[in-house]
1. What spacing in nm lies between the two simple spin-label points modelled at Asp91 and Glu114, each 7 Å away from Cα in the Cβ direction?
2. I'd like to check one number: the per residue accessible area of the range 86-199, probe 1.4 Å, reported in Å² as a whole number.
3. What percent do you get for the relative contact order of the range 69-136 when only Cα pairs under 8 Å and 6+ apart count?
4. Beta carbons within 10 angstrom, averaged per residue: use that to sort the peptides 186-192, 229-235, 149-155, highest first.
5. So, R0 is 41 Å and r is the distance between the beta-carbons of Arg17 and Ala138; what FRET efficiency does that work out to, to 0.05?
6. Report the label-to-label distance for Val186 and Ala202 in nanometres (one decimal), using points 7 Å from each Cα along the Cα→Cβ vector.
7. Find which of Val39, Leu117, Ala83 sits farthest along the positive direction of the dipole of the range 13-123, computed with +1 on the beta-carbon of Lys and Arg, -1 on that of Asp and Glu, about the Cα centre.
8. What are the extents of the Cα atoms of the range 23-77 along their three principal axes, listed from largest to smallest and rounded to whole Å?
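The values are calculated or read from the model by the stated rules, or taken from the named source; none is laboratory data. Nothing here was measured: the structure is a model prediction, and the numbers come from that model. In this analysis, Cβ positions are derived from the backbone assuming ideal geometry, glycine residues included, and neighbour counts consider all displayed protein chains. Areas reflect the complete protein model, heavy atoms only, side chains present, ligands, DNA and RNA absent. Shrake-Rupley method; radii C 1.70, N 1.55, O 1.52, S 1.80 Å.
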Amino acid sequence: MSERQQRRLGFAKRSARAALSRNRLAAAASMLTMSLMLVLLGIAYAANATLDAASTWATGKVSVIGYLHDTSTSADAEALTAALLRIDGVDEVVYLSPEAALAEFRSRLALRNEPDLTGELGANPLPGSVEATFVDAAAVPLVAEALRSSPLVERVVDLAGAADRIGRAASTARLAGFALFLAGLVLALLVVNATIRLTIGARREELEIMHLVGASDGFIRLPFLIEGALVGAVGAAVATGVLATLALLAGIGDSSPDLAELPLRGSLLPEIALLMIVAGLAIGTGGSALATRALRAGAPA
């Protein structure tokens, strides 16, 4: 950077700081609005990540069980298991033989100290079964349909409805968060725009003189863009502090038992901090750019 460019940048920075100092109330309102909007953005981002993690966790808990006919053999069950594993989104398929099902049932009775009367039946009353678990909830109805259409299966128990409700709830929450963020974004842009316009109005005569002596449009606009960036940077810093406090209170990023089973990304908090900085600078400079778009040689806004 040349010495002349450094002087111009230094002048722009001093002008931006002076403008913020002269319009303290408007600048404070801009920073507060920016902070609130960025907090909403961070909460929406964290909520989306948490919903994704919760959906993944819940999907792993969803299973579909097919109870086999008494005439089904272990070879039939193995063939059915192999067919289900070929469906995308299936994590695991476990075959439980009638003998294993009876042993598990008796083990549960023993754990509850309840009497075992199955020995008096003379035969094993429990059927064999195949149980599928998933990595993608979209595979639940496919597996359920495959089991229902199989001549080996007598009865199917599935949680497709629960998985579908989980997906719908997650989509609705994401849509609500996005709408909330858009509203905050528009509000922040309008407030930054209004603040910069107040600064432009207060410096109208100075800007006219700068135009008359041949100052370029870029030189005149630069202080206002820096002012918007400063508003965004302060808003991002405040929002990051608020979100870090909320994350600490919620136990995100530690070994809290409430969140231990959720597969949250370890990089979630750094991602949110980076998002705050980028969004704050982008919105601040964007609002300033909108306010200064009418500044052109010979016609200050």
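1. Simple spin-label model gives 2.7 nm for this pair.
2. In whole numbers, the range 86-199 has 61 Å² accessible per residue.
3. Working: 69 pairs, mean separation 31.3, N = 68.
Dividing the mean separation by the residue count of the range 69-136 yields 46 percent.
4. Numbers: 186-192: 20.1, 229-235: 24.1, 149-155: 14.9.
By packing density, highest mean first, the sequence is 229-235, 186-192, 149-155.
5. Working from the Cβ atoms, E equals 0.15.
6. 2.9
7. Ranked along the dipole, the leading option is Val39.
8. 85, 13, 9
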